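Read through the structure below, which is laid out as structure tokens, and then see the notes.
The values are calculated or read from the model by the stated rules, or taken from the named source; none is laboratory data. Keep in mind that this is a model prediction, so the values were computed, not measured. In this analysis, Cβ positions are derived from the backbone assuming ideal geometry, glycine residues included, and neighbour counts consider all displayed protein chains.
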Amino acid sequence: MVSVDTLHTNSLIQTKDNTMAAMAFQAYDPMQERNTMFQSMRDEHGVLLLKSDVQGYAKKMKEKAVKERVRQKRLEKERKEQERLKQMEKESTQVFQPKITTYGVDCYGCGGESGRGGTSLGVALDLNLGVQMPDGSWQPGIKYGKYYIVAADPSIPLCSILKISDHGLSGSGISPDQPYYAIVLDRGGAIQGNHIDLYIGSENSGAIVPVQNTQAKAQIIREGGKSGAKSCAL
């Protein structure tokens, strides 16, 4: 913890002409979130800092303050997303009992035998890189943003978001006693009616497996997205 002092005799420095002058300098003040003119500054042991030392402390304080602002913005974004999902759940009345299977990008006939392919919407999938996001970046793993990827019947529009509970699945962040959220990014010739196919990366990875024999419930909490888009809003 760095403390700021008012001007006193210990904050005077000897100049070249042997006169005494007050030490004053600019440093980043995280409390005011701006550069401030300080007269003196001490470290956590009460030792008066030289200007060069203060500049190092100021840089660290600024970096710490920036990281904290980024963290707070991320937490606020997550909080708003949770509130939005809860509100959509309250408003949605579309519920059905799905049959859930799993598939990989390298499944037979999927065209991704090399470990790279894409969904019906055009979202790229890669066993090494992960899932391509709307901005073109790659997110490691099997999720599109915070959502698991599923293929569903054409009656459920692409980009729809589902809340799936009582599913009996486990793995890759999914727990059988907790619902998970999925986004419809894919179709499939065998995916008809209430059938949902959950993306797990590699076909034989065993990343997500059934551990309980239960009757799943799926709730459509957002129906569809922007028509003609090559990606879905998150």
Checked region 97-109 for anything closer than 18 Å to A182 by Cα and either part of a loop (DSSP other than H, G, I, E, B) or outside the structural domain of K143 (by TED's automatic domain parsing) (or both); matches are Q97, P98, G104, V105
Do you know which of the residues in region 107-146 that are in contact with a Lys or Arg (Cβ under 9 Å, 6 or more places away or on another chain) and in contact (Cβ under 8 Å) with a residue 40 or more places away in the chain is farthest from D197 (Cα to Cα)? P134
Yes or no: Q82 outside the structural domain of N128 (by TED's automatic domain parsing), at pLDDT 90 or above and not acidic (D, E)? no
Can you tell me which condition V95 does not meet? The list is (1) within 19 Å of A218 (Cβ to Cβ); (2) under 24 Å from the mean Cα position of the chain (by Cα), and all the others hold. (2)
